[in-house]
Amino acid sequence: MSAPSDPLSSPPPRLDPRALERALAASRAELSLGQPVRRWRSQAVRLFAASAGMALLMTGVLLALGQASGPALLGRAPMLALLLSTSAVCSWGALAPRRRPLRWVGVGMAAVSAALLVLTRATPLGPSNLPPWVCTAGHVGMALVPLVVGLVVLRQAAFDPLRAVVAGLAAGTVGAFVGELACEQGAGHVAAYHLGAWALLALTTWAVSKRLKPRTYAP
């Protein structure tokens, strides 16, 4: 009975020259594009800047139109600060390589923010003159810019479902932020129409990102 052969002494498998040539040609074509390499940190800052910038811009518009006041802004400052922090952590977690625990931290912060948005909502003074779905549509509309930014920067890495959801949560903080200042409806309305929009944005980011071809397959 012959002794088993040593795998280390076995000759390496023969590679197909045509496959090697195709791989080399693809690499040369990619390098010839001359596209600048964007660091993930700058991409994360872009996503956060789009989200926080839109939230602050809409806040300025509300103040200018008299739809929000300085005292109301100060009274909700802790909640607004938590939403901005959630956006920052989600933006960083969505783009940071191999930071899955940080992405779960972002999901946890979004869940805590969502719960507090409902639990701290005061009793409405009266019925609204607008249909409730207007808040959902408004939240989605205000988040379109950070949503597009999120989809663009997500193409700089390999698709990951949790990464995409966290990026969508970062974009969705815009509506939650503005809703705290512009909407005076009760907790049930916030849970259904505000948080519903936030969840819709996270789901949309996941669904669209899954169908986009990544520019790179970084982890």
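The values are calculated or read from the model by the stated rules, or taken from the named source; none is laboratory data. Bear in mind the structure is a predicted one, so any value in this text is a computation, not a measurement. Every residue, glycine as well, gets a Cβ built from its backbone with ideal geometry; the counts of neighbours run over all protein chains shown. The area values use the complete protein model at the heavy-atom level, side chains included, leaving out ligands, DNA and RNA. Shrake-Rupley method; radii C 1.70, N 1.55, O 1.52, S 1.80 Å.
Scanning segment 130-147 for residues that are open to solvent by 80 Å² or more (accessible area, probe 1.4 Å) and in contact (Cβ under 8 Å) with a residue 60 or more places away in the chain yields one hit, Trp133. The residue pairs whose first member lies in segment 179-190 and is open to solvent by less than 30 Å² (accessible area, probe 1.4 Å), whose second member is of a type in the set (Lys, Arg), and whose beta carbons are closer than 7 Å, counting only pairs six or more residues apart or on different chains, are Glu180/Arg76; Leu181/Arg76; Gly186/Arg121; Val190/Arg121.
Residue by residue, here is whether (1) open to solvent by 50 Å² or more (accessible area, probe 1.4 Å); (2) modelled with pLDDT under 95 holds:
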{"site": "Leu62", "(1), (2)": "no, yes"}
{"site": "Ala68", "(1), (2)": "no, yes"}
{"site": "Pro71", "(1), (2)": "yes, yes"}
{"site": "Ser91", "(1), (2)": "no, no"}
{"site": "Leu95", "(1), (2)": "no, yes"}
{"site": "Gly106", "(1), (2)": "no, no"}
{"site": "Ser128", "(1), (2)": "yes, yes"}
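Might you let me know whether segment 88-110 holds any residue that is assigned to a helix (DSSP H, G or I) and without any contact (Cβ under 8 Å) to a residue 12 or more places away in the chain? Looking for residues that are assigned to a helix (DSSP H, G or I) and without any contact (Cβ under 8 Å) to a residue 12 or more places away in the chain, one finds at least one in segment 88-110, hence yes.
Reported count of residues in segment 113-126, each being in contact with a helix residue (DSSP H, G or I) (Cβ under 8 Å, 6 or more places away or on another chain) and open to solvent by 80 Å² or more (accessible area, probe 1.4 Å), is 1.
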